[in-house]
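What follows is a set of notes on a single structure, which appears directly below.
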Amino acid sequence: MSKLSQPHLLGIKNITGEDIELIFETADNFKEVINRPIKKVPSLRDVTIANVFFENSTRTRLSFELAQKRLSADVINFSASTSSVKKGETLLDTVNNILAMKVDMIVMRHSSVGAPHFLAKNIRANIINAGDGTHEHPTQALLDTYSIREKLKTVKGKKVAIIGDILHSRVALSNIFALKKLGAEVLVCGPPTLLPKYIAQLGVKVEWDLHKALAWCDVANVLRIQLERQQIKYFPSLREYSIYYGITKKILDQLDKEIILMHPGPINRGVELSSDAADSHHSIILDQVENGVAVRMAVMYLLASAAN
């Protein structure tokens, strides 16, 4: 069996296009599994995985937990809000205490950029980055690109517009890396205040007009406004943002072609997407959720297999 080029999944920047294709091929097999009447396989029996979340999460955490249980892994859930972190314990001490319980793999979300990379250098366990600050969110990018591949048969040559709060989004950066490695064309669209100054250096097109972006693309991956990460006001109001950058079914129907609509969740309905757009035939948002379990199963299976 082929294996990943890295012992960890710290970011899409750290892996190769061949790694991504291997993850997708493995996810194809696991997608068949999770659609069977018996959805469990013994692939990670006797492997212990700790979910260590220092930031709130619903979708990512539930998706990882379900993927782990489908693989028959033993699972430990750690929440910073109810832990000794509140008493001043360091990240390394916290994780070393978890490892002392003979944990093989750690899935971690942290508000600090580079936290998973720090752990990977200091402990002996496979690390999966479930989001570090505004940096990367690799499994979200993998499930997004996997969903495009599933719908359009290939990612290569497709035009993907990432629309919304690019500046504060770890999803955007990971998606750009993944899409570029698989040969897609990428455009980012949003208010100038929410587009990083360096963004064009990543080899992406930059567009400020939503209608031009939608006319250009095959796929629109729409991001929410990350209000919890904004220290200052980047636009006058959510209502004004919605007027200029909100996607409605009417806007989609006016296009002279069919495009695919994606969103990593949670959706702020009425802001970046109207309900009739989010629930329309253009949307593959619920497919993304299902694919997230299969892709995360594939990542954990491949990392555990390489460790043995």
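The values are calculated or read from the model by the stated rules, or taken from the named source; none is laboratory data. Model, not experiment: these values are computed from the prediction. Glycine gets a Cβ as well: all are built from the backbone with ideal geometry, and neighbour counts include every protein chain shown.
Close Cβ contacts (under 8 Å, 6 or more residues apart or on different chains) running from residues in region 209-230 that are under 14 Å from residue 194 (Cβ atoms) and assigned by TED's automatic domain parsing to the domain that holds residue 163 to residues that are in a strand (DSSP E or B) and at pLDDT below 95 are absent.
Take the conditions more than 16 Å from residue 141 (Cβ to Cβ), assigned by TED's automatic domain parsing to the domain that holds residue 224 and under 20 Å from the mean Cα position of the chain (by Cα) and apply them to residue 159. Does it pass? Criteria met by residue 159.
When region 260-289 is filtered for residues that are surrounded by fewer than 17 Cβ atoms within 10 Å (Cβ to Cβ), assigned to a helix (DSSP H, G or I) and in contact (Cβ under 8 Å) with a residue 12 or more places away in the chain, the ones remaining, listed by number, are 276, 287, 289. For region 109-131, which positions are in contact (Cβ under 8 Å) with a residue 60 or more places away in the chain and either in contact with a Cys (Cβ under 8 Å, 6 or more places away or on another chain) or closer than 11 Å to residue 11 by Cα (or both)? Across region 109-131, the qualifying residues are 116, 117, 127, 128, 129, 130, 131.
Among the residues of region 53-72, just one is in a loop (DSSP other than H, G, I, E, B), at pLDDT 95 or above and surrounded by fewer than 18 Cβ atoms within 10 Å (Cβ to Cβ), namely 72. Among the residues of region 236-259, just one is free of Cβ contacts under 8 Å to residues at least 12 places away in the same chain, under 15 Å from residue 282 (Cα atoms) and polar (S, T, N, Q), namely 254. One residue alone among 49, 76, 98 is assigned by TED's automatic domain parsing to the domain that holds residue 296, closer than 16 Å to residue 128 by Cα, out of contact with any Lys or Arg (no Cβ under 6 Å at 6 or more places or on another chain) and at pLDDT 95 or above, and that residue is 49.
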